[in-house]
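Working notes, beginning with the structure itself.
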C-alpha cells in the first residue's frame with residue numbers, strides 16, 4: 001500500500017467518524033438557559049471542538065489500524081467476502 005492510498009483510507013475513516021463523534025457531550029443553549037440573542041436555541045453553549053477533533057483522530061486511528069491489520073496481515077478484503085459467506089446451492 002502506498003502512502004497516498006493509506007492517507008486516503010484514513011481520511012475517509014476520519015471524516016466518517018467525525019460525524020459520529022460530534023454529537024457527544026453537546027449541551028444546547030436551551031438546556032443551559034444561556035441563550036444568546038439571535039442564535040438558535042439548539043446551538044451548543046461550549047462546542048469543545050478541539051477535544052472532539054482529538055478524540056476523533058484517536059478513534060479513526062484505531063479503526064484504520066484494525067483495517068490495515070485485517071487487510072494486509074490477515075489477508076481479509078472485499079474479494080474474500082464470497083469465501084466468508086458461502087452461497088448454499
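The values are calculated or read from the model by the stated rules, or taken from the named source; none is laboratory data. Here the structure is a predicted model, which is why all the values come from computation and not from measurement. Reconstructed Cβ throughout: ideal geometry from the backbone, glycine too, with neighbour counts over all protein chains shown.
Output yes when any residue across segment 30-39 is at pLDDT 85 or above and under 30 Å from residue 6 (Cα atoms), and no when none is. No, segment 30-39 contains no residue that is at pLDDT 85 or above and under 30 Å from residue 6 (Cα atoms). Among (1) out of contact with any helix residue (DSSP H, G or I) (no Cβ under 6 Å at 6 or more places or on another chain); (2) farther than 27 Å from residue 27 by Cβ, which single condition is residue 76 missing? Residue 76 satisfies every listed condition except (1).
Selection of helices (runs of 4 or more DSSP H) fully inside segment 2-68 by the criterion of at least 2 residues being closer than 25 Å to residue 78 by Cα and in contact with a helix residue (DSSP H, G or I) (Cβ under 7 Å, 6 or more places away or on another chain) returns 3-21, 49-68. Say whether the condition of being more than 20 Å from the chain's Cα centre (by Cα) and either surrounded by 12 or more Cβ atoms within 10 Å (Cβ to Cβ) or without any contact (Cβ under 8 Å) to a residue 12 or more places away in the chain (or both) is met by at least one residue in segment 6-13. The answer is no, given that none of the residues of segment 6-13 is more than 20 Å from the chain's Cα centre (by Cα) and either surrounded by 12 or more Cβ atoms within 10 Å (Cβ to Cβ) or without any contact (Cβ under 8 Å) to a residue 12 or more places away in the chain (or both). Only residues that are surrounded by 13 or more Cβ atoms within 10 Å (Cβ to Cβ) and touching a strand residue (DSSP E or B) at 6+ places or on another chain (Cβ under 9 Å): list them for segment 36-52, please. Once the filter is applied, which keeps residues that are surrounded by 13 or more Cβ atoms within 10 Å (Cβ to Cβ) and touching a strand residue (DSSP E or B) at 6+ places or on another chain (Cβ under 9 Å), segment 36-52 yields 43, 44, 45.
Restricting to segment 69-89, and then to whatever is outside any loop (DSSP other than H, G, I, E, B), loosely packed, with under 12 Cβ neighbours inside 10 Å and under 21 Å from the mean Cα position of the chain (by Cα), can you tell me which residue is modelled with the highest pLDDT? My answer is 69.
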